[in-house]
Ligand SMILES: Nc1ncnc2c1ncn2[C@@H]1O[C@H](COP(=O)(O)OP(=O)(O)O)[C@@H](O)[C@H]1O
Ligand SMILES: [Mg+2]
């Protein structure tokens with residue numbers, strides 16, 4: 001199959017003031033594909049995801065979702081964002097809402113879905129992330145791993161076409177990492193299109209369809225996980241991998 | 001053991017506690033002595049009664065003008081409290097706006113209304129606005145009430161606005177981003193995610209400002225608004241009695257500010273996001 005990718009970065013440049021943070025990124029994520037982005041801190045991984053969700057504006061190039069340009073000034077940002085779910089390192093759950101309240105808020109307010117239907121859907125989603133018994137808990141009453149799973153359910157509630165994950169396990173105690181990765185693994189198995197920034201190399205190797213290595217705002221190497229981890233093509237990748245061991 | 005650190009305590013905790021208690025006692029005793037002297041002066045210094053109890057009883061009668069003045073400040077307080085908090089939301093939103101024009105105008109507004117005395121503002125409105133009209137053509141016959149309400153609202157909206165801005169800015173930016181990433185518009189995110197939390201942070205500061213608002217009604221005396229200080233001045237000019245009307249006025253203010261302060265403390269506790277109540 002040679003269809004156009006679902007999410008496509010075309011020569012994307014991003015500056016923060018004078019700093020050139022993304023230097024011409026070309027990357028396509030196909031439907032159902034799970035792309036893991038790795039790279040040293042400060043290489044622009046978060047910025048790349050944030051641009052895809054238009055939390056940052058790009059200065060040059062184009063990002064397309066199913067062919068539709070994201071960055072055109074007349075693009076309906078709010079509509080596009082509903083199709084791109086995002087999960088953050090710091091969870092960013094709404095502390096004044098229960099787990100179910102977090103999940104139902106956007107469907108109710110943005111989509112105008114009736115409370116009852118939204119509640120039902122939230123129940124299904126919370127069950128899917130293994131939290132059906134926590135629906136009435138506030139974020140402060142949940143562990144980090146539970147909060148992050150609620151955040152994933154919250155993003156799923158908008159039925160996104162793509163999910164972006166920005167180091168979603170980095171703020172977690174080691175013993176809680178597994179439960180979040182487990183949920184992501186399930187999602188991948190169900191065919192969700194995912195772009196995942198992570199330092200969890202085990203997860204990357206096992207679940208990714210493709211690994212993308214970034215450094216200094218550029219993509220240095222991409223490849224299938226087995227090949228990438230065992231036989232990196234570039235010196236940069238070799239260096240990066242050797243530091244992990 | 002041998003070395004005495006330069007950063008050592010100036011007093012042990014126990015000494016500090018005792019000193020604090022002693023200071024508090026001294027203050028309490030002084031105030032008590034003053035009040036005793038004030039209220040019982042007739043007994044302490046024969047022939048020198050500071051409070052004319054006969055007059056006090058007269059002024060405290062239900063038909064007294066002091067009640068009218070009291071009702072007036074209650075009304076003007078309740079009205080301007082609501083209006084200044086509502087306007088304050090817009091001032092606060094303007095202050096955090098990413099649009100330079102909006103943010104700049106909101107900034108100027110706050111700088112002006114916090115940077116000039118309230119007395120100046122009320123005079124600018126009460127005397128300054130009618131000056132725009134040809135003599136005798138100003139349409140409002142009783143401009144005192146509108147001037148009072150507008151001046152208090154404009155002034156306190158600046159303070160509520162700053163309180164709310166503080167509440168918004170103390171939230172992690174991730175809250176807005178998470179809401180926007182779900183497809184909410186700026187207004188939806190503000191309304192459903194940011195403001196409910198910002199409010200809770202702003203409650204103590206807004207409450208504090210409302211207490212000041214009660215007391216600021218006293219400054220309306222300069223435009224002859226029928227409030228308690230004007231009443232005091234009238235009584236004093238007629239009777240040359242200071243303490244009887246002063247006691248009454250003081251008690252009247254406290255009947256508003258003490259319950260209000262309790263309400264603010266309660267609201268602050270309920271709203272405190274760190275002690276999130278169970279559902
Ligand atoms: N809001 C910002 N303002 C200025 N510079 C930023 C901002 N966000 C990120 N940067 C810079 O952009 C570069 C890439 O950051 P980031 O995308 O967070 O990297 P990564 O996620 O790979 O660690 C870094 O040099 C960082 O300092
Ligand atoms: Mg990052």
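Assorted remarks:
- Residue satisfying all of: in segment B:190-228; within 9 Å of chain A (Cβ to nearest Cβ) and within 15 Å of residue A:102 (Cβ to Cβ); surrounded by the fewest Cβ atoms within 10 Å (Cβ to Cβ) among these: B:196
- Residue A:36 vs. criteria touching a helix residue (DSSP H, G or I) at 6+ places or on another chain (Cβ under 8 Å), within 16 Å of ligand 2 (Cβ to nearest atom) and farther than 22 Å from residue B:176 by Cβ: yes
- Residue in segment A:231-238 that is within 16 Å of ligand 1 (Cβ to nearest atom), without any contact (Cβ under 8 Å) to a residue 24 or more places away in the chain, out of contact with any helix residue (DSSP H, G or I) (no Cβ under 9 Å at 6 or more places or on another chain) and over 24 Å from residue A:91 (Cβ atoms) present: yes
- Residue in segment A:152-163 that is more than 16 Å from ligand 1 (Cβ to nearest atom), more than 27 Å from residue A:52 (Cβ to Cβ) and buried (at least 20 other Cβ atoms within 10 Å of the Cβ) present: no
- Some residue of segment B:243-256 being touching a residue at least 24 places away in the same chain (Cβ under 8 Å), more than 19 Å from the chain's Cα centre (by Cα) and surrounded by fewer than 20 Cβ atoms within 10 Å (Cβ to Cβ): yes
- A residue that is within 16 Å of ligand 1 (Cβ to nearest atom) and either away from chain B (no Cβ under 14 Å) or at pLDDT 95 or above (or both) can be found somewhere in segment A:63-73.
- Note on segment A:86-118: residues that are in a loop (DSSP other than H, G, I, E, B), more than 20 Å from the chain's Cα centre (by Cα) and within 22 Å of residue B:176 (Cα to Cα) total 6.
- Residue within segment B:61-82 that is closer than 28 Å to residue B:212 by Cα, surrounded by 14 or more Cβ atoms within 10 Å (Cβ to Cβ) and free of Cβ contacts under 8 Å to residues at least 40 places away in the same chain present: yes
- Residues located in segment A:186-199, provided they are more than 14 Å from every other protein chain (Cβ to nearest Cβ) and within 15 Å of ligand 1 (Cβ to nearest atom): A:196, A:197, A:198, A:199
- Scanning segment A:92-103 for residues that are at the interface with chain B (Cβ under 8 Å from one of its Cβ atoms) and either out of contact with any helix residue (DSSP H, G or I) (no Cβ under 9 Å at 6 or more places or on another chain) or within 11 Å of residue A:155 (Cα to Cα) (or both) gives a single hit, A:93.
- Output for segment A:136-151, where each listed residue is within 10 Å of chain B (Cβ to nearest Cβ) and more than 13 Å from residue A:87 (Cα to Cα): A:136, A:137, A:138, A:139, A:140, A:141
- Given (1) within 26 Å of residue A:238 (Cα to Cα); (2) within 16 Å of ligand 2 (Cβ to nearest atom); (3) surrounded by 15 or more Cβ atoms within 10 Å (Cβ to Cβ), index of the condition residue A:56 fails: (1)
- Residue in segment A:119-151 that is farthest from ligand 1 (Cβ to nearest atom), counting only those that are part of a loop (DSSP other than H, G, I, E, B) and over 20 Å from the mean Cα position of the chain (by Cα): A:136
- Test: residue A:41 is within 16 Å of ligand 2 (Cβ to nearest atom) and free of Cβ contacts under 8 Å to residues at least 40 places away in the same chain: yes
- Condition broken by residue A:89, with the remaining ones in (1) within 14 Å of chain B (Cβ to nearest Cβ); (2) crowded, with 18+ Cβ neighbours inside 10 Å; (3) within 16 Å of ligand 2 (Cβ to nearest atom) satisfied: (2)
- Test: residue B:136 is away from every other protein chain (no Cβ under 14 Å) and farther than 26 Å from residue A:107 by Cα: yes
- Flag not set for residue A:216, criterion: farther than 26 Å from residue A:110 by Cβ, in contact with a strand residue (DSSP E or B) (Cβ under 9 Å, 6 or more places away or on another chain), modelled with pLDDT of 95 or more and more than 16 Å from ligand 1 (Cβ to nearest atom).
- Filter pass, residue A:204 being away from ligand 2 (no atom under 16 Å from the Cβ) and modelled with pLDDT of 95 or more: no
The values are calculated or read from the model by the stated rules, or taken from the named source; none is laboratory data. Note that the coordinates shown come from a computational prediction; the quantities given were computed from them, not determined experimentally. Cβ coordinates were reconstructed from backbone atoms using ideal geometry, including for glycine residues, and neighbour counts include every protein chain displayed.
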